[in-house]
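First comes the structure, then the notes that go with it.
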Ligand SMILES: [Zn+2]
């Protein structure tokens, strides 16, 4: 449930609890210590596919591929930069999100932020990019970075810079800023790629549960925020409001006298007919559109 929804439930419940305390039905409030989720008033910025397309023209191919892959998979920047080639199953079109690049310590951590590894499905474009980035490299070499669990590495980093160095989230941000400035689109951080994926997925009809699963969220509230403002959610409201169309009184209708033109009296039959005809035409034109 969204934070706003939780607040709404809480406030009603809180009134009941307060009354129960006043009436001495309860001796203490069971709501003490309840932490409510934060409500975000401003929508969080995300990288739109439109902005990405404009930026792509000004990005080097290594970063262009990384951004496109992020928009197909919703990875966190550290997960994208630490993605090991042996975690990608191109035959099945799935990847296991596990290894993460920890930029502060320049090491590989064998699990993502929330500690849980997760499977993420790959689109055709994601498979194509992964295949291109890995190329013909010797995957048995290892990534060259220390793994925090001390275990040996059995894959190479999928995304490297054209010079063969690790793709650092900060450098990615720098390249994104430059491309955004040249393309004259809003500047976006590497984290907004992940939100761009979530926005796309929600607009395409993926539900909050599936979005949270792929993003690796333990709760649904963040995913719910993406689903709340989709065209589908809007259409649902539009459909609900149009179920009972508002009735308006037509000037010159049966049993009506018009006083719109200084009380000129009832319109002639011919006038009413032409008005009805015009309305019918309008209706036909609208429905054809
Ligand atoms: Zn490694």
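Under the condition of being surrounded by 17 or more Cβ atoms within 10 Å (Cβ to Cβ) and closer than 18 Å to residue 125 by Cα, which residue from segment 41-50 is nearest to the ligand (Cβ to nearest atom)? Step through it out loud before you land on a result.
Our first condition is that a residue be surrounded by 17 or more Cβ atoms within 10 Å (Cβ to Cβ); within segment 41-50, this holds for 46-48.
The next check asks that each one be closer than 18 Å to residue 125 by Cα; those that pass are 47-48.
Numbers: 47: 27, 48: 33 Å.
Per the criteria, the residue is 47.
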Item to complete: Would you confirm whether any residue within segment 112-124 is within 14 Å of the ligand (Cβ to nearest atom) and out of contact with any helix residue (DSSP H, G or I) (no Cβ under 6 Å at 6 or more places or on another chain)?
Response: no
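Given the residues 91, 86, which is the only one that is within 11 Å of the ligand (Cβ to nearest atom), more than 27 Å from the chain's Cα centre (by Cα) and assigned by TED's automatic domain parsing to the domain that holds residue 193?
Working: 91 fails: within 11 Å of the ligand (Cβ to nearest atom).
Answer to the selection: 86.
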Worksheet, complete the sentence: By residue number, the members of segment 104-136 that are crowded, with 16+ Cβ neighbours inside 10 Å and out of contact with any strand residue (DSSP E or B) (no Cβ under 7 Å at 6 or more places or on another chain) are 126, 127, 128, 129, 133, 134
Discussion item. For residue 67, only one of the following conditions fails: (1) in a helix (DSSP H, G or I); (2) away from the ligand (no atom under 15 Å from the Cβ); (3) over 19 Å from residue 171 (Cβ atoms). What is its number?
Written reply: (3)
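Just to be sure, is residue 78 within 16 Å of the ligand (Cβ to nearest atom), modelled with pLDDT of 95 or more and either assigned to a helix (DSSP H, G or I) or not assigned by TED's automatic domain parsing to the domain that holds residue 143 (or both)? Can you show your working first?
Working: within 16 Å of the ligand (Cβ to nearest atom): yes; modelled with pLDDT of 95 or more: yes; either assigned to a helix (DSSP H, G or I) or not assigned by TED's automatic domain parsing to the domain that holds residue 143 (or both): yes.
Yes; evaluated as a whole, the condition is true for this residue.
The values are calculated or read from the model by the stated rules, or taken from the named source; none is laboratory data. A quick note: this is a predicted structure, and the numbers were derived from the prediction, not measured. Glycine also receives a Cβ, built like all others from the backbone with ideal geometry; neighbour counts cover every protein chain displayed.
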